[in-house]
Amino acid sequence: MNRLVNEVMAHNPIVAHPEMPIAEVVQILADRHISGLPVVNQQGHLVGIVSETDLMWQETGVTPPAYIMLLDSVIYLQDPKKYQKSLHKALGQTVQDVMTPQPVTITADQPLAVAARMMNDRKVHSLPVLDDDHQLIGILTRGDIIRAMAAEMQPA
């Protein structure tokens, strides 16, 4: 696959803003059959990504970390910071509350194979695509890569 990211990515993606209500994002994802949205601030700079995974906390809730009591002391068996983060996402009301900040990104001139490797290695389903000025210009999803692979496999 010798194609570049800009040949396959979705240009001018739908975006979310940090202050958007979660219900609005859920509706956009459901209506458009997409799995996430890049989050941009008022200046148009990428500040995060909100995905189905981030939103699942709203339905699944949070289980407190396991702990033991020893001599009137609490010893957590799991990292309590993870619990705090999960709790914040579960109770969040806006995109800013649940989004993943500082998402993995790529530039449009990168080979598609590099993007696929990044997605696989970092276990992400999409990559916001930035230009040289770090402005969001597109988004690349796993589905985009699969469709490009399928197109290349078609007989000429």
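The values are calculated or read from the model by the stated rules, or taken from the named source; none is laboratory data. Model, not experiment: these values are computed from the prediction. No Cβ is skipped: glycine too gets one built from the backbone with ideal geometry, and neighbour counts run over all protein chains shown. Side chains are part of the model used for accessible areas, which takes the heavy atoms of the whole protein and leaves out ligands, DNA and RNA. Shrake-Rupley method; radii C 1.70, N 1.55, O 1.52, S 1.80 Å.
Take ASP31 and VAL104, extend 7 Å from each Cα along the Cα→Cβ direction, and tell me the distance between the two endpoints in nm.
My value for the distance between the label points is 3.1 nm.
Heads up, I need the accessible area for VAL15: 1.4 angstrom probe, whole protein in place, Å², nearest 10.
40 Å²
What do you get for trypsin sites (Lys or Arg not before Pro) in the range 118-155 restricted to DSSP loop and a cutoff of at most 12 other Cβ within 10 Å of the site's Cβ? Could you put the intermediate results ahead of the total?
Numbers: sites: ARG122, LYS123, ARG142, ARG147; in loops: LYS123.
Answer by residue number: LYS123.
Check each of the GluC sites (Glu not before Pro) in the range 1-38 and keep only those in coil by DSSP with at most 15 other C-beta atoms within 10 angstrom; list them in order. Kindly include the intermediate steps, with their values, before the conclusion.
Numbers: sites: GLU7, GLU19, GLU24; in loops: GLU19.
Loop-located and lightly packed - GLU19.
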